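For reference, the structure discussed in these notes is given below.
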Amino acid sequence: MKLRTKLWLLLVLSAAMSMVVFGFTSVWIGKAANKGYALFQLNPLAQSIVDSIQEQPKLDIDVLKQTLDRAHADHPAIRLVWLDDKGQSIYDTAGLNPTFTFHDLAMLMQNMPKSYLSGEDIRILTPAAKDGQSYFLLLSIPASAMKQGEMYFFVRKLSSLLTLVVPLILSFSIPFLLALWFFSVINRRIRKLNKALNQLSIQSDSPVVELKDSSKDELGQLTQHYNSMAHRIRAQFAEIQQFESKRKLLLSNLSHDLRTPLTTMLGYAEMIRTGNYQDQQELQARAKIILQRCRYMDKLLDQMLDISRQDADGMAIHLENHNLSELIRKIAAEYIMIFDGEPFQFDVEVPDEDIYLSMDAPLMERALRNLLDNAIRYGKDGRYLGIQLTADEQSVNVIVKDKGKGIPPEHQAQIFERFYRVDRGRKGEGLGIGLAIVKDIAEAHQGSIEMNSTPNVETAFRIKLPHLIRAS
Ligand code: ADP
(Lines give C-alpha, C1' and ligand atoms only; values in the text may rest on other atoms or scores of the structure.)
Protein backbone atom coordinates (compact mmCIF):
# COMPACT_ATOMS: atom_id res chain seq x y z
CA MET A 1 0.00 0.00 0.00
CA LYS A 2 1.33 3.44 -0.86
CA LEU A 3 2.29 5.84 1.89
CA ARG A 4 -0.35 8.29 0.71
CA THR A 5 -3.15 5.68 0.90
CA LYS A 6 -1.97 4.64 4.34
CA LEU A 7 -2.13 8.27 5.45
CA TRP A 8 -5.68 8.71 4.14
CA LEU A 9 -6.84 5.53 5.87
CA LEU A 10 -5.16 6.69 9.05
CA LEU A 11 -6.89 10.05 8.78
CA VAL A 12 -10.41 8.61 8.35
CA LEU A 13 -9.91 5.97 11.03
CA SER A 14 -8.43 8.35 13.54
CA ALA A 15 -11.15 10.98 12.94
CA ALA A 16 -13.89 8.38 13.56
CA MET A 17 -12.08 6.94 16.56
CA SER A 18 -11.48 10.32 18.11
CA MET A 19 -15.17 11.23 17.83
CA VAL A 20 -16.26 7.97 19.47
CA VAL A 21 -13.61 8.29 22.16
CA PHE A 22 -14.61 11.90 22.78
CA GLY A 23 -18.29 10.98 23.19
CA PHE A 24 -17.71 8.04 25.50
CA THR A 25 -15.03 9.55 27.67
CA SER A 26 -16.83 12.86 28.14
CA VAL A 27 -20.03 11.08 29.23
CA TRP A 28 -18.16 8.65 31.45
CA ILE A 29 -15.90 11.27 33.06
CA GLY A 30 -18.90 13.62 33.38
CA LYS A 31 -20.84 10.93 35.23
CA ALA A 32 -17.97 10.08 37.53
CA ALA A 33 -16.73 13.58 38.29
CA ASN A 34 -19.91 15.63 37.93
CA LYS A 35 -22.33 14.60 40.66
CA GLY A 36 -25.66 16.38 41.33
CA TYR A 37 -28.94 17.12 39.57
CA ALA A 38 -29.01 17.69 35.84
CA LEU A 39 -31.27 20.48 34.62
CA PHE A 40 -33.23 18.11 32.40
CA GLN A 41 -34.15 15.96 35.44
CA LEU A 42 -35.86 18.82 37.29
CA ASN A 43 -38.83 19.46 35.00
CA PRO A 44 -40.03 15.82 35.02
CA LEU A 45 -39.54 15.73 38.81
CA ALA A 46 -41.65 18.89 39.34
CA GLN A 47 -44.25 17.58 36.91
CA SER A 48 -44.46 14.22 38.74
CA ILE A 49 -45.05 16.04 42.08
CA VAL A 50 -47.73 18.23 40.45
CA ASP A 51 -49.35 15.10 38.92
CA SER A 52 -49.41 13.25 42.25
CA ILE A 53 -51.09 16.28 43.91
CA GLN A 54 -53.61 16.64 41.07
CA GLU A 55 -54.48 12.95 41.35
CA GLN A 56 -55.54 13.36 44.98
CA PRO A 57 -59.36 13.28 45.38
CA LYS A 58 -59.30 16.42 47.50
CA LEU A 59 -56.71 19.17 47.80
CA ASP A 60 -56.22 20.43 51.34
CA ILE A 61 -53.22 21.53 53.37
CA ASP A 62 -52.62 18.08 54.83
CA VAL A 63 -52.53 16.43 51.43
CA LEU A 64 -50.18 19.15 50.22
CA LYS A 65 -47.91 18.88 53.26
CA GLN A 66 -47.78 15.12 53.03
CA THR A 67 -46.98 15.02 49.32
CA LEU A 68 -44.44 17.86 49.32
CA ASP A 69 -42.69 16.65 52.53
CA ARG A 70 -42.37 13.17 51.06
CA ALA A 71 -40.84 14.57 47.89
CA HIS A 72 -38.54 16.78 49.98
CA ALA A 73 -37.48 13.75 52.03
CA ASP A 74 -36.58 11.94 48.80
CA HIS A 75 -34.67 14.98 47.52
CA PRO A 76 -33.42 16.90 50.59
CA ALA A 77 -31.57 19.52 48.49
CA ILE A 78 -34.79 20.56 46.79
CA ARG A 79 -37.16 23.11 48.29
CA LEU A 80 -40.79 22.91 47.19
CA VAL A 81 -43.33 25.77 47.47
CA TRP A 82 -47.01 25.40 46.53
CA LEU A 83 -48.43 28.77 45.36
CA ASP A 84 -51.93 29.92 44.54
CA ASP A 85 -52.64 31.79 41.27
CA LYS A 86 -51.76 35.16 42.89
CA GLY A 87 -48.30 34.10 43.96
CA GLN A 88 -49.20 33.57 47.62
CA SER A 89 -47.42 30.60 49.24
CA ILE A 90 -49.78 27.88 50.54
CA TYR A 91 -47.11 25.47 51.72
CA ASP A 92 -43.29 25.81 51.73
CA THR A 93 -41.07 22.85 52.71
CA ALA A 94 -38.54 25.40 54.01
CA GLY A 95 -41.25 26.99 56.19
CA LEU A 96 -40.59 30.52 54.82
CA ASN A 97 -43.87 30.96 52.90
CA PRO A 98 -42.81 33.75 50.48
CA THR A 99 -45.12 35.77 48.27
CA PHE A 100 -44.39 36.40 44.57
CA THR A 101 -45.61 39.21 42.36
CA PHE A 102 -47.06 38.55 38.94
CA HIS A 103 -43.77 39.77 37.37
CA ASP A 104 -41.79 37.28 39.50
CA LEU A 105 -44.07 34.47 38.36
CA ALA A 106 -43.68 35.49 34.71
CA MET A 107 -39.86 35.49 35.05
CA LEU A 108 -39.89 32.11 36.79
CA MET A 109 -42.12 30.72 34.04
CA GLN A 110 -39.43 31.52 31.47
CA ASN A 111 -37.22 29.09 33.31
CA MET A 112 -34.02 30.66 31.99
CA PRO A 113 -30.76 30.96 33.89
CA LYS A 114 -29.62 34.60 33.98
CA SER A 115 -26.04 33.78 33.11
CA TYR A 116 -24.11 30.66 32.10
CA LEU A 117 -21.65 30.86 34.98
CA SER A 118 -24.30 31.36 37.62
CA GLY A 119 -24.14 30.65 41.35
CA GLU A 120 -27.84 31.44 41.82
CA ASP A 121 -30.44 28.92 42.91
CA ILE A 122 -32.16 27.11 40.08
CA ARG A 123 -35.92 27.68 40.21
CA ILE A 124 -38.55 25.94 38.13
CA LEU A 125 -42.19 27.00 38.16
CA THR A 126 -44.67 24.35 37.09
CA PRO A 127 -48.38 25.29 36.62
CA ALA A 128 -51.04 23.06 38.17
CA ALA A 129 -54.85 23.03 38.29
CA LYS A 130 -57.29 21.40 40.68
CA ASP A 131 -61.01 21.80 40.96
CA GLY A 132 -61.02 24.71 38.48
CA GLN A 133 -58.46 26.60 40.52
CA SER A 134 -54.91 27.41 39.20
CA TYR A 135 -51.82 26.74 41.30
CA PHE A 136 -48.04 26.74 40.85
CA LEU A 137 -45.34 24.47 42.21
CA LEU A 138 -42.03 26.26 42.67
CA LEU A 139 -39.09 23.89 42.77
CA SER A 140 -35.92 25.52 44.01
CA ILE A 141 -32.49 23.95 44.30
CA PRO A 142 -29.17 25.61 45.24
CA ALA A 143 -26.60 25.80 42.43
CA SER A 144 -24.19 23.72 44.56
CA ALA A 145 -26.55 20.74 44.35
CA MET A 146 -26.59 20.86 40.55
CA LYS A 147 -24.09 19.20 38.27
CA GLN A 148 -21.17 21.63 38.06
CA GLY A 149 -20.74 21.43 34.33
CA GLU A 150 -23.48 20.66 31.90
CA MET A 151 -23.89 20.94 28.18
CA TYR A 152 -26.98 19.60 26.52
CA PHE A 153 -29.02 20.03 23.42
CA PHE A 154 -32.29 18.81 22.09
CA VAL A 155 -32.56 17.10 18.76
CA ARG A 156 -36.00 16.88 17.26
CA LYS A 157 -35.18 16.25 13.60
CA LEU A 158 -32.48 14.27 11.84
CA SER A 159 -31.53 17.33 9.80
CA SER A 160 -30.80 19.31 12.97
CA LEU A 161 -28.52 16.45 14.09
CA LEU A 162 -26.59 17.02 10.88
CA THR A 163 -26.11 20.67 11.81
CA LEU A 164 -24.22 19.42 14.85
CA VAL A 165 -22.40 16.51 13.26
CA VAL A 166 -20.99 18.52 10.34
CA PRO A 167 -19.25 21.17 12.48
CA LEU A 168 -18.08 18.43 14.80
CA ILE A 169 -16.53 16.46 11.93
CA LEU A 170 -14.97 19.62 10.54
CA SER A 171 -13.46 20.63 13.85
CA PHE A 172 -12.08 17.13 14.36
CA SER A 173 -10.78 17.00 10.80
CA ILE A 174 -8.70 20.18 10.85
CA PRO A 175 -5.75 18.72 12.80
CA PHE A 176 -5.85 15.64 10.61
CA LEU A 177 -5.98 17.68 7.42
CA LEU A 178 -3.00 19.69 8.61
CA ALA A 179 -1.19 16.47 9.49
CA LEU A 180 -2.03 15.07 6.05
CA TRP A 181 -0.69 18.18 4.34
CA PHE A 182 2.48 18.01 6.44
CA PHE A 183 3.00 14.33 5.70
CA SER A 184 2.33 14.71 2.00
CA VAL A 185 5.00 17.44 1.82
CA ILE A 186 7.44 15.12 3.62
CA ASN A 187 6.35 12.24 1.43
CA ARG A 188 7.06 14.25 -1.71
CA ARG A 189 10.55 15.10 -0.45
CA ILE A 190 11.27 11.47 0.46
CA ARG A 191 10.05 10.35 -2.98
CA LYS A 192 12.43 12.81 -4.64
CA LEU A 193 15.31 11.48 -2.54
CA ASN A 194 14.32 7.90 -3.29
CA LYS A 195 14.17 8.59 -7.04
CA ALA A 196 17.57 10.29 -6.98
CA LEU A 197 19.07 7.36 -5.06
CA ASN A 198 17.61 4.91 -7.59
CA GLN A 199 19.09 6.90 -10.44
CA LEU A 200 22.48 7.14 -8.80
CA SER A 201 24.72 4.91 -10.80
CA ILE A 202 28.40 5.01 -10.08
CA GLN A 203 29.48 4.07 -13.57
CA SER A 204 27.21 6.24 -15.64
CA ASP A 205 28.68 9.21 -17.46
CA SER A 206 25.53 11.28 -16.93
CA PRO A 207 25.92 14.08 -14.39
CA VAL A 208 25.01 13.38 -10.76
CA VAL A 209 21.38 14.33 -9.98
CA GLU A 210 21.77 17.16 -7.50
CA LEU A 211 18.78 17.69 -5.18
CA LYS A 212 17.76 21.12 -3.95
CA ASP A 213 16.32 21.27 -0.44
CA SER A 214 17.12 24.40 1.47
CA SER A 215 15.28 23.47 4.69
CA LYS A 216 17.37 22.78 7.76
CA ASP A 217 15.35 19.82 9.10
CA GLU A 218 16.52 16.19 9.10
CA LEU A 219 15.30 15.59 5.55
CA GLY A 220 17.11 18.71 4.37
CA GLN A 221 20.28 17.46 6.03
CA LEU A 222 19.75 14.02 4.49
CA THR A 223 19.45 15.64 1.07
CA GLN A 224 22.70 17.55 1.61
CA HIS A 225 24.38 14.30 2.70
CA TYR A 226 23.00 12.59 -0.42
CA ASN A 227 24.44 15.36 -2.64
CA SER A 228 27.90 15.18 -1.13
CA MET A 229 27.80 11.36 -1.03
CA ALA A 230 26.81 11.15 -4.72
CA HIS A 231 29.71 13.42 -5.70
CA ARG A 232 32.12 11.53 -3.45
CA ILE A 233 31.11 8.16 -4.88
CA ARG A 234 31.54 9.45 -8.42
CA ALA A 235 34.92 10.99 -7.63
CA GLN A 236 36.12 7.84 -5.86
CA PHE A 237 34.92 5.64 -8.68
CA ALA A 238 36.72 7.84 -11.21
CA GLU A 239 39.84 7.59 -9.04
CA ILE A 240 39.55 3.80 -8.88
CA GLN A 241 39.08 3.64 -12.65
CA GLN A 242 42.10 5.87 -13.17
CA PHE A 243 44.12 3.75 -10.77
CA GLU A 244 42.99 0.59 -12.53
CA SER A 245 44.00 1.90 -15.94
CA LYS A 246 47.36 3.04 -14.49
CA ARG A 247 47.86 -0.42 -13.00
CA LYS A 248 47.15 -2.08 -16.34
CA LEU A 249 49.52 0.30 -18.11
CA LEU A 250 52.20 -0.35 -15.50
CA LEU A 251 51.90 -4.11 -15.93
CA SER A 252 52.12 -3.90 -19.71
CA ASN A 253 55.07 -1.45 -19.54
CA LEU A 254 56.83 -3.57 -16.96
CA SER A 255 56.49 -6.79 -18.91
CA HIS A 256 57.65 -5.01 -22.06
CA ASP A 257 60.55 -3.29 -20.27
CA LEU A 258 61.77 -6.58 -18.87
CA ARG A 259 61.17 -8.69 -21.95
CA THR A 260 62.94 -6.41 -24.49
CA PRO A 261 66.36 -6.28 -22.78
CA LEU A 262 66.01 -9.95 -21.89
CA THR A 263 65.59 -10.90 -25.55
CA THR A 264 68.71 -8.89 -26.49
CA MET A 265 70.66 -10.39 -23.59
CA LEU A 266 69.65 -13.94 -24.52
CA GLY A 267 70.72 -13.36 -28.12
CA TYR A 268 74.11 -11.90 -27.19
CA ALA A 269 74.77 -14.53 -24.50
CA GLU A 270 74.03 -17.26 -27.04
CA MET A 271 76.41 -15.57 -29.50
CA ILE A 272 79.20 -15.51 -26.88
CA ARG A 273 78.52 -19.14 -25.89
CA THR A 274 78.77 -20.39 -29.48
CA GLY A 275 81.83 -18.17 -30.15
CA ASN A 276 79.96 -16.49 -32.99
CA TYR A 277 81.86 -13.15 -32.98
CA GLN A 278 84.65 -11.72 -35.08
CA ASP A 279 87.15 -10.40 -32.59
CA GLN A 280 87.79 -9.39 -28.98
CA GLN A 281 86.39 -5.91 -29.63
CA GLU A 282 83.00 -7.27 -30.72
CA LEU A 283 82.98 -9.55 -27.71
CA GLN A 284 83.60 -6.56 -25.43
CA ALA A 285 80.85 -4.53 -27.13
CA ARG A 286 78.28 -7.34 -26.71
CA ALA A 287 79.27 -7.88 -23.08
CA LYS A 288 78.89 -4.13 -22.46
CA ILE A 289 75.36 -4.17 -23.89
CA ILE A 290 74.46 -7.18 -21.73
CA LEU A 291 75.76 -5.30 -18.69
CA GLN A 292 73.78 -2.17 -19.61
CA ARG A 293 70.56 -4.15 -20.01
CA CYS A 294 71.18 -5.92 -16.70
CA ARG A 295 71.64 -2.57 -14.94
CA TYR A 296 68.47 -1.22 -16.50
CA MET A 297 66.46 -4.26 -15.37
CA ASP A 298 68.04 -4.05 -11.96
CA LYS A 299 66.98 -0.41 -11.70
CA LEU A 300 63.41 -1.20 -12.74
CA LEU A 301 63.16 -3.98 -10.19
CA ASP A 302 64.66 -1.71 -7.54
CA GLN A 303 62.04 0.94 -8.23
CA MET A 304 59.23 -1.61 -8.03
CA LEU A 305 60.64 -2.94 -4.78
CA ASP A 306 60.94 0.58 -3.36
CA ILE A 307 57.36 1.38 -4.17
CA SER A 308 55.94 -1.83 -2.71
CA ARG A 309 58.13 -1.50 0.41
CA GLN A 310 57.03 2.09 0.80
CA ASP A 311 53.36 1.11 0.45
CA ALA A 312 53.78 -1.50 3.16
CA ASP A 313 55.87 0.39 5.75
CA GLY A 314 56.09 4.01 4.59
CA MET A 315 59.46 5.52 3.73
CA ALA A 316 62.03 4.78 6.42
CA ILE A 317 64.78 7.42 6.60
CA HIS A 318 67.91 7.49 8.76
CA LEU A 319 69.11 11.03 9.31
CA GLU A 320 72.79 11.74 9.79
CA ASN A 321 74.93 14.80 9.30
CA HIS A 322 76.35 14.65 5.77
CA ASN A 323 78.26 16.91 3.45
CA LEU A 324 75.76 17.56 0.65
CA SER A 325 78.33 19.53 -1.42
CA GLU A 326 80.62 16.54 -1.48
CA LEU A 327 77.81 14.17 -2.44
CA ILE A 328 76.88 16.39 -5.38
CA ARG A 329 80.51 16.74 -6.52
CA LYS A 330 80.92 12.95 -6.44
CA ILE A 331 77.78 12.28 -8.48
CA ALA A 332 78.57 15.08 -10.94
CA ALA A 333 82.02 13.63 -11.57
CA GLU A 334 80.45 10.26 -12.54
CA TYR A 335 78.01 11.88 -14.97
CA ILE A 336 80.71 14.03 -16.55
CA MET A 337 82.56 10.84 -17.40
CA ILE A 338 79.56 9.47 -19.30
CA PHE A 339 79.72 12.39 -21.77
CA ASP A 340 83.47 12.54 -21.94
CA GLY A 341 84.47 13.51 -25.46
CA GLU A 342 80.90 14.26 -26.59
CA PRO A 343 79.68 17.77 -27.59
CA PHE A 344 77.76 18.15 -24.35
CA GLN A 345 77.79 21.06 -21.90
CA PHE A 346 77.89 20.09 -18.26
CA ASP A 347 77.50 22.82 -15.61
CA VAL A 348 78.16 22.13 -11.94
CA GLU A 349 77.66 25.01 -9.50
CA VAL A 350 78.47 24.13 -5.92
CA PRO A 351 79.49 26.85 -3.38
CA ASP A 352 83.07 26.73 -2.14
CA GLU A 353 81.93 26.43 1.42
CA ASP A 354 80.69 22.92 2.17
CA ILE A 355 77.05 22.59 3.11
CA TYR A 356 76.27 20.05 5.79
CA LEU A 357 72.78 18.72 6.21
CA SER A 358 71.08 16.19 8.39
CA MET A 359 69.88 13.74 5.74
CA ASP A 360 69.60 10.16 4.57
CA ALA A 361 72.53 10.21 2.14
CA PRO A 362 71.65 7.05 0.12
CA LEU A 363 68.08 8.29 -0.36
CA MET A 364 69.25 11.76 -1.36
CA GLU A 365 71.69 10.21 -3.83
CA ARG A 366 68.85 8.13 -5.27
CA ALA A 367 66.72 11.27 -5.75
CA LEU A 368 69.53 13.16 -7.47
CA ARG A 369 70.37 10.24 -9.74
CA ASN A 370 66.70 9.92 -10.74
CA LEU A 371 66.62 13.59 -11.75
CA LEU A 372 69.94 13.40 -13.59
CA ASP A 373 68.97 10.17 -15.38
CA ASN A 374 65.71 11.78 -16.51
CA ALA A 375 67.55 14.89 -17.71
CA ILE A 376 69.81 12.69 -19.82
CA ARG A 377 67.12 10.29 -21.00
CA TYR A 378 64.47 12.88 -21.90
CA GLY A 379 66.54 16.05 -22.37
CA LYS A 380 69.71 14.94 -24.14
CA ASP A 381 68.63 16.74 -27.34
CA GLY A 382 69.41 20.01 -25.56
CA ARG A 383 73.02 18.84 -25.11
CA TYR A 384 73.10 20.45 -21.73
CA LEU A 385 73.01 19.19 -18.14
CA GLY A 386 73.25 21.46 -15.12
CA ILE A 387 73.44 20.74 -11.43
CA GLN A 388 73.37 23.54 -8.91
CA LEU A 389 73.50 23.75 -5.12
CA THR A 390 72.41 26.93 -3.36
CA ALA A 391 71.73 27.74 0.26
CA ASP A 392 70.19 30.62 2.20
CA GLU A 393 69.19 31.13 5.83
CA GLN A 394 66.18 28.85 5.74
CA SER A 395 66.72 26.33 3.00
CA VAL A 396 69.07 24.39 0.76
CA ASN A 397 68.19 23.95 -2.91
CA VAL A 398 69.43 21.35 -5.35
CA ILE A 399 68.53 22.13 -8.96
CA VAL A 400 68.89 19.79 -11.93
CA LYS A 401 68.47 21.39 -15.37
CA ASP A 402 68.40 20.38 -18.98
CA LYS A 403 67.50 22.13 -22.22
CA GLY A 404 65.67 19.29 -23.95
CA LYS A 405 62.11 18.75 -25.14
CA GLY A 406 60.75 19.49 -21.66
CA ILE A 407 57.31 18.72 -20.27
CA PRO A 408 54.24 20.14 -22.06
CA PRO A 409 52.15 22.42 -19.79
CA GLU A 410 49.11 20.06 -19.80
CA HIS A 411 51.23 17.30 -18.19
CA GLN A 412 53.02 19.40 -15.60
CA ALA A 413 50.40 19.11 -12.84
CA GLN A 414 50.47 15.30 -12.78
CA ILE A 415 54.16 14.74 -13.40
CA PHE A 416 54.93 13.72 -9.79
CA GLU A 417 52.07 11.17 -9.66
CA ARG A 418 53.00 7.53 -9.53
CA PHE A 419 53.03 5.73 -12.89
CA TYR A 420 52.49 8.99 -14.76
CA ARG A 421 54.37 9.27 -18.00
CA VAL A 422 54.12 11.99 -20.63
CA ASP A 423 54.40 9.63 -23.53
CA ARG A 424 52.19 6.81 -22.36
CA GLY A 425 52.41 4.76 -25.54
CA ARG A 426 56.18 4.66 -25.65
CA LYS A 427 57.69 1.65 -23.95
CA GLY A 428 61.18 1.00 -22.71
CA GLU A 429 61.46 4.43 -21.09
CA GLY A 430 60.69 3.67 -17.49
CA LEU A 431 57.54 3.11 -15.48
CA GLY A 432 56.66 6.62 -14.30
CA ILE A 433 57.91 5.94 -10.78
CA GLY A 434 61.17 7.93 -10.67
CA LEU A 435 59.73 11.41 -9.99
CA ALA A 436 57.20 10.03 -7.46
CA ILE A 437 60.14 8.55 -5.54
CA VAL A 438 62.03 11.88 -5.69
CA LYS A 439 58.97 13.66 -4.30
CA ASP A 440 58.59 11.09 -1.49
CA ILE A 441 62.28 11.46 -0.60
CA ALA A 442 62.06 15.28 -0.53
CA GLU A 443 58.94 15.15 1.64
CA ALA A 444 60.49 12.57 3.97
CA HIS A 445 63.19 15.21 4.56
CA GLN A 446 60.42 17.79 5.27
CA GLY A 447 61.20 19.42 1.97
CA SER A 448 59.46 19.75 -1.38
CA ILE A 449 60.02 19.42 -5.08
CA GLU A 450 59.14 21.91 -7.81
CA MET A 451 59.38 21.79 -11.54
CA ASN A 452 59.57 24.52 -14.18
CA SER A 453 59.63 23.56 -17.80
CA THR A 454 59.64 25.59 -21.00
CA PRO A 455 59.89 22.94 -23.73
CA ASN A 456 63.10 23.15 -25.73
CA VAL A 457 64.32 26.08 -23.61
CA GLU A 458 64.88 24.88 -20.06
CA THR A 459 63.50 22.24 -17.71
CA ALA A 460 64.50 22.54 -14.07
CA PHE A 461 63.68 20.34 -11.09
CA ARG A 462 64.39 21.88 -7.69
CA ILE A 463 64.57 19.92 -4.42
CA LYS A 464 64.07 22.35 -1.56
CA LEU A 465 65.16 21.14 1.89
CA PRO A 466 64.96 22.96 5.20
CA HIS A 467 68.29 23.53 6.99
CA LEU A 468 67.08 21.83 10.12
CA ILE A 469 65.52 18.48 9.48
CA ARG A 470 63.94 16.96 12.55
CA ALA A 471 63.93 13.20 12.85
CA SER A 472 60.31 12.07 12.78
P1 ADP B 1 60.13 7.27 -15.80
O2 ADP B 1 60.63 6.14 -15.00
O3 ADP B 1 59.08 6.89 -16.79
O4 ADP B 1 61.19 8.14 -16.33
P5 ADP B 1 59.60 9.46 -14.02
O6 ADP B 1 58.64 9.54 -12.89
O7 ADP B 1 61.02 9.62 -13.71
O8 ADP B 1 59.29 8.09 -14.74
O9 ADP B 1 59.16 10.53 -15.07
C10 ADP B 1 57.82 10.66 -15.45
C11 ADP B 1 57.70 11.28 -16.83
O12 ADP B 1 58.12 12.62 -16.76
C13 ADP B 1 58.58 10.64 -17.85
O14 ADP B 1 57.88 9.59 -18.50
C15 ADP B 1 58.89 11.77 -18.80
O16 ADP B 1 57.91 11.80 -19.82
C17 ADP B 1 58.74 13.01 -17.98
N18 ADP B 1 60.04 13.63 -17.60
C19 ADP B 1 60.73 13.46 -16.45
N20 ADP B 1 61.86 14.20 -16.45
C21 ADP B 1 61.88 14.86 -17.62
C22 ADP B 1 62.77 15.79 -18.23
N23 ADP B 1 63.90 16.18 -17.65
N24 ADP B 1 62.46 16.26 -19.48
C25 ADP B 1 61.35 15.86 -20.10
N26 ADP B 1 60.45 15.00 -19.58
C27 ADP B 1 60.72 14.50 -18.36
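The values are calculated or read from the model by the stated rules, or taken from the named source; none is laboratory data. Note that this is a predicted model, so its numbers are computed, not measured. Glycine also receives a Cβ, built like all others from the backbone with ideal geometry; neighbour counts cover every protein chain displayed. Side chains included, ligands, DNA and RNA excluded: accessible areas come from the protein's heavy atoms. Shrake-Rupley method; radii C 1.70, N 1.55, O 1.52, S 1.80 Å.
Being closer than 20 Å to residue 250 by Cβ, near the ligand (Cβ under 9 Å from one of its atoms) and either assigned by TED's automatic domain parsing to the domain that holds residue 248 or not hydrophobic (A, V, I, L, M, F, W, C) (or both) is the filter here, so list the residues in the range 406-422 that pass it.
Across the range 406-422, the qualifying residues are 411, 417, 418, 420, 421.
Checking the structure you have, find out if any residue of the range 330-337 is among the β-branched types (Val, Ile, Thr), away from the ligand (no atom under 16 Å from the Cβ) and open to solvent by 40 Å² or more (accessible area, probe 1.4 Å).
So far as the range 330-337 goes, yes, one or more of its residues are among the β-branched types (Val, Ile, Thr), away from the ligand (no atom under 16 Å from the Cβ) and open to solvent by 40 Å² or more (accessible area, probe 1.4 Å).
Given the options 292, 242, 303, name the one that is of a type in the set (S, T, N, Q), more than 47 Å from the chain's Cα centre (by Cα) and over 30 Å from residue 191 (Cβ atoms).
292
Within the range 302-311, can one find any residue that is over 30 Å from residue 417 (Cα atoms), assigned to a helix (DSSP H, G or I) and among the hydrophobic types (A, V, I, L, M, F, W, C)?
Looking through the range 302-311, none of the residues is over 30 Å from residue 417 (Cα atoms), assigned to a helix (DSSP H, G or I) and among the hydrophobic types (A, V, I, L, M, F, W, C).
Could you check, for the range 90-98, whether at least one of its residues is open to solvent by less than 30 Å² (accessible area, probe 1.4 Å), small (Gly, Ala, Ser), more than 22 Å from residue 37 (Cα to Cα) and at pLDDT 80 or above?
no
Would you check which residues across the range 433-449 are more than 8 Å from the ligand (Cβ to nearest atom) and either of a type in the set (D, E, K, R) or not in a helix (DSSP H, G or I) (or both) and list them?
Those that are more than 8 Å from the ligand (Cβ to nearest atom) and either of a type in the set (D, E, K, R) or not in a helix (DSSP H, G or I) (or both): 439, 440, 443, 445, 446, 447, 448, 449.
Kindly list the number of the only condition in (1) closer than 30 Å to residue 9 by Cβ; (2) outside any helix (DSSP H, G or I) that fails for residue 212.
(1)
When the residues of the range 377-394 are narrowed to those that are hydroxyl-bearing (Ser, Thr, Tyr) and farther than 17 Å from residue 327 by Cβ, which ends up farthest from the chain's Cα centre (by Cα)? Before the answer, list the steps.
Residues of the range 377-394 that are hydroxyl-bearing (Ser, Thr, Tyr), as a first pass: 378, 384, 390.
Narrowing the set further to residues that are farther than 17 Å from residue 327 by Cβ leaves 378, 384.
Details: 378: 50, 384: 58 Å.
Going through the qualifying residues, I end up with 384.
Please tell me if residue 388 is near the ligand (Cβ under 10 Å from one of its atoms) and in contact (Cβ under 8 Å) with a residue 24 or more places away in the chain.
Working: near the ligand (Cβ under 10 Å from one of its atoms): no; in contact (Cβ under 8 Å) with a residue 24 or more places away in the chain: yes.
Considered against the rule, which asks whether it is near the ligand (Cβ under 10 Å from one of its atoms) and in contact (Cβ under 8 Å) with a residue 24 or more places away in the chain, residue 388 comes out as no.
Please find, among 11, 59, 80, the residue that is part of a helix (DSSP H, G or I), of a type outside the set (Val, Ile, Thr) and surrounded by 14 or more Cβ atoms within 10 Å (Cβ to Cβ).
On the way: 59 fails: part of a helix (DSSP H, G or I); 80 fails: part of a helix (DSSP H, G or I).
From the options 11, 59, 80, the qualifying one is 11.
Which residue out of 354, 360 is closer than 30 Å to residue 307 by Cα and modelled with pLDDT under 95?
Within the list 354, 360, the selection yields 360.
Residues in the range 38-68 that are of a type in the set (Val, Ile, Thr) and closer than 13 Å to residue 78 by Cβ: how many? Give the steps one after another, and end with the answer.
Step one: list which residues in the range 38-68 are of a type in the set (Val, Ile, Thr), which gives 49-50, 53, 61, 63, 67.
From what's left, closer than 13 Å to residue 78 by Cβ: 49.
Total satisfying the criteria: 1.
Looking only at the range 461-471, filter to residues that are open to solvent by 20 Å² or more (accessible area, probe 1.4 Å) and modelled with pLDDT of 95 or more; which one of those is farthest from the ligand (Cβ to nearest atom)?
464
May I ask you to say which residue of 415, 437 is crowded, with 21+ Cβ neighbours inside 10 Å, out of contact with any His (no Cβ under 7 Å at 6 or more places or on another chain), under 23 Å from residue 257 (Cα atoms) and hydrophobic (A, V, I, L, M, F, W, C)?
Result: 437 is the single residue among 415, 437 that is crowded, with 21+ Cβ neighbours inside 10 Å, out of contact with any His (no Cβ under 7 Å at 6 or more places or on another chain), under 23 Å from residue 257 (Cα atoms) and hydrophobic (A, V, I, L, M, F, W, C).
Could you grab the pairs with beta carbons closer than 6 Å, sequence gap of 6+ or different chains, first residue in the range 310-339 and modelled with pLDDT of 90 or more, second one assigned to a loop (DSSP other than H, G, I, E, B) and small (Gly, Ala, Ser)?
Note: pairs meeting the criteria are 319/471.
Evaluate the following for residue 372: is it open to solvent by less than 20 Å² (accessible area, probe 1.4 Å), away from the ligand (no atom under 11 Å from the Cβ), part of a helix (DSSP H, G or I) and within 26 Å of residue 261 (Cβ to Cβ)?
Taking the combined requirement at face value, the residue does not satisfy it.
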